[in-house]
Every structure is written in structure tokens, then in C-alpha cells.
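Have a look at the structure below, then the notes.
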Amino acid sequence: MRRALELAQRARGRTSPNPMVGALVVRRGKIVGEGYHSRAGHPHAEIEALRRAGDKARSADLYVNLEPCCHFGRTPPCTDAIIQAEIKRVFVGMKDPNSQVSGKGLRSLKAKGIVVVSGVLKEECLKLNESFIKVMKTGMPFVILKTAMSLDGKIATRSGDSRWITGKLARNHVHKIRNQVDAILVGTETVLKDNPRLTCRLETGAVKHPVRIILDRRNRIPLTAKVFKNSRFQKVIYVTGPDISSRRLKTLVYRKVEILNGKSSKNGFHIKPLLKELANRGMNSILIEGGAELNASVVKAGVVDRVVAFISPVLIGGTQAPGFLGGQGVMKVNDAMNLKDIVVTKIGEDLMVEATPCSAE
């Protein structure tokens with residue numbers, strides 16, 4: 001099962017809206033076929049493993065980290081292929097949270113006399129597909145709130161300068177995260193102040209650029225911003241308010257930028273409906289790389305599943321310098337968001353602190 005998990009992780013960030021799945025066929029203690037689901041629409045892991053095993057699959061064991069599907073989607077049911085291959089036993093990491101499958105795939109295998117053992121390395125399997133599970137159970141994407149700040153909690157100086165608070169190794173690690181998520185979401189101020197490209201620029205390894213989602217309720221971002229320069233080849237979703245001009249709209253459409261009319265009020269966009277729409281568009285994981293106000297809004301909305309904070313050993317100071325969270329904040333410490341499962345990693349001279357909000361599902 002650990003090998004199945006290793007195989008599945010090869011496609012991290014590539015399979016949405018599908019889960020990451022790895023599978024292997026074992027005969028007399030020897031692996032005779034293995035595979036993984038590389039992207040949506042491509043063959044599932046079980047099919048790849050069975051193809052490689054060929055006739056050796058007969059009376060063999062199949063290991064897979066997620067319950068095999070039993071319905072027609074973009075591809076035929078995996079359970080049918082397992083039955084036809086005459087697999088003897090199937091070891092499964094976890095049930096599929098998709099209501100179309102959950103438990104039904106295992107029952108269809110058992111009905112054909114196949115021995116099924118489920119719950120193998122269950123916790124590891126749940127962790128691997130936490131984004132997929134979140135979408136299946138709630139209709140909302142898995143949200144990672146990332147920030148880079150000084151030791152005194154500042155994300156920029158009082159003049160707005162923020163380049164670069166953290167070191168090169170920490171910044172490269174951020175690109176690793178970008179390589180693994182479906183989309184990056186930023187607000188207007190981030191684009192106006194930093195003019196970022198929001199692409200994935202890993203120094204080594206395969207690169208996948210996440211969808212870039214730009215919030216611009218009052219349509220203040222210039223169309224010359226770097227984020228629009230390669231929109232024909234790397235997807236950009238522009239979230240606008242009700243007052244977008246026909247000229248701006250025409251230019252964005254010409255550049256292949258997707259337009260999304262977000263629900264908003266005088267205080268900004270309504271975050272939950274926006275995230276739900278993004279999940280409906282096949283995005284299981286969203287990385288928030290915004291400023292203090294956007295950070296505060298997603299925290300207030302209670303949609304954050306993980307916080308990743310890069311802390312640099314520098315002191316910026318200044319009452320006018322922005323901190324990690326803006327907005328009004330809480331009145332009492334007892335009302336503060338509590339974090340759990342804290343992991344601290346040293347990356348170069350910086351610290352990366354990863355944590356889960358106690359309220360996260």
C-alpha cells in the first residue's frame with residue numbers, strides 16, 4: 001500500500017477534479033504490474049496496473065489506495081476490469097467519498113467472490129486525498145493560506161516593499177506548493193503593489209502552472225499587468241464586480257481570460273460562493289497568496305484548511321507596516337482562531353510553519 005501511495009503522489013496537482021490513485025498487482029509476493037492515474041480523462045490506476053500485469057493478474061492481489069470506481073464517468077468502471085482480470089483479492093486504503101461509488105465498488109467485488117480488505121494505511125490514504133475528500137463532502141475546495149513575513153509579523157514595510165522578505169530556498173519551496181495546487185487566488189492590492197506573474201518557476205523538476213484567480217471588484221488592475229501577459233496559454237480567471245466596462249470585458253475575452261461575476265458587497269466579494277464555484281469548475285485545491293485584507297476575509301469566512309507561514313529572521317517594525325492579517329480582528333483572545341498539528345521546518349535561514357485550524361473539517 002505504501003508503494004500505491006508513492007505511485008499516486010507522482011500526479012499530485014494534475015488529477016483534479018479526480019483523486020490521486022496508485023495501484024499494483026502482486027502475484028506470489030512479486031509486483032507484476034503497477035500504475036497510477038496521471039490526469040482526469042486518462043486511464044485509472046487499476047487499469048494501468050492490470051494492463052501491465054496482463055495474464056499474470058489472474059488469481060493475483062490488487063493493492064489500491066482508493067476504492068475502485070463502479071460507475072461510468074470519463075472512463076469505464078474499474079470494478080468490471082478487476083472482475084474480468086480474475087483478481088483474487090483486493091486491498092483498499094479507503095472508501096471513495098463520492099456518493100456514486102462509496103461502498104458500492106467494494107460490494108460489487110465481493111458479490112463476484114473477490115476477497116476485499118479495506119482500511120489498509122487508512123490515515124495515510126485520507127491525508128493524500130484531503131482536497132478531493134473536502135470537495136466530495138462539502139462542495140468546497142481545500143484552501144491553503146500562505147504568507148511570508150518577518151519575525152515581528154510584517155508582510156511588507158510601511159512603504160509597501162515586500163521583496164524579498166524570505167530567502168531564495170523558501171521562495172523556491174513556494175513554487176513547489178504552486179506546482180501541487182490547482183489554483184492561486186490573489187486580491188487587487190497584491191497585483192497593484194507587486195505586479196506578480198503567479199506562475200510556477202521551479203528550478204528543477206516538472207512544472208505545472210496553476211490557474212490564476214484575480215479578484216478585482218472595482219476593476220482597478222491595469223490590463224498591462226504581468227498576470228495577463230500569457231493568459232492565452234496559462235489560464236486566468238478574472239473575478240469582477242457588476243461595473244466592468246464593455247471595453248475591458250472585450251479586451252480580457254480577446255486574451256482568453258475567463259470572466260467570473262462574483263457576488264459582492266461594499267466590503268468585498270462573498271468568499272464562500274466564490275470558492276464553491278471554483279470547486280464546481282474542477283479546482284480541488286486553492287492557494288491564497290493575498291495581502292492582509294484578503295487573508296483576513298478568508299479567515300473570517302472560516303474556509304481555511306491549512307496555514308503555511310514562512311518566517312524570516314528580520315525585524316521590520318512600524319505601526320503602518322501591514323501584518324499577516326488585516327481587518328478588524330477579534331475583540332478577545334478567546335475568540336482567536338486556534339491552530340493544531342503544528343509542524344516547523346527550517347528552510348535556509350527561514351522557518352516554515354504549517355498548521356491546521358481547529359475548526360477545519
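Some observations on this one:
- Cα-projected label distance for R158 with T345, points at 7 Å along beta-carbon direction, nm: 3.6 nm
- Loop trypsin sites (Lys or Arg not before Pro), the stretch 18-89, which have at most 15 other Cβ atoms in a 10 Å radius of their Cβ (DSSP): R28, R39, R58, R74, K88
- The stretch 216-361, relative contact order [Cα under 8 Å, separation at least 6], %: 18 percent
- For G318, net neighbour charge (Lys/Arg +1, Asp/Glu -1) across residues whose Cβ lies under 12 Å away: 0
- Cβ-placed point charges (K, R +1; D, E -1), dipole of the chain about Cα centre in debye, nearest 20: 980 debye
- DSSP-assigned coil residues among chymotrypsin sites (Phe, Trp or Tyr not before Pro) in the stretch 214-253, each with at most 10 further Cβ atoms within 10 Å: F233
- Our note on the geometry: Cα centres of the stretch 286-308 and the stretch 56-87, 39 Å apart.
- The stretch 1-125: C-alpha gyration tensor shape, a/c 1.5 cut-off, then a/b vs b/c: rounded
- Förster radius 30 Å - calculated FRET efficiency between N267 and N172, Cβ distance, rounded to 0.05: 0.25
- Within the chain, percent of DSSP bridges classed antiparallel, to nearest 5: 40 percent
- Net charge in the neighbourhood of V227 (other residues with Cβ under 9 Å of its Cβ; Lys, Arg +1, Asp, Glu -1) is +4.
- Area accessible to solvent at L128, 1.4 Å probe radius, in Å²: 10 Å²
- Loop-resident chymotrypsin sites (Phe, Trp or Tyr not before Pro) (DSSP state other than H, G, I, E or B) in the stretch 1-75 with no more than 11 further Cβ atoms inside 10 Å of their Cβ: F72.
The values are calculated or read from the model by the stated rules, or taken from the named source; none is laboratory data. Because the structure is a prediction, the values reported are computed rather than measured. As a convention, Cβ positions derive from the backbone with ideal geometry for all residues, glycine included, and neighbour counts pool all protein chains shown. With ligands, DNA and RNA removed, areas are computed over all heavy atoms of the protein, side chains included. Shrake-Rupley method; radii C 1.70, N 1.55, O 1.52, S 1.80 Å.
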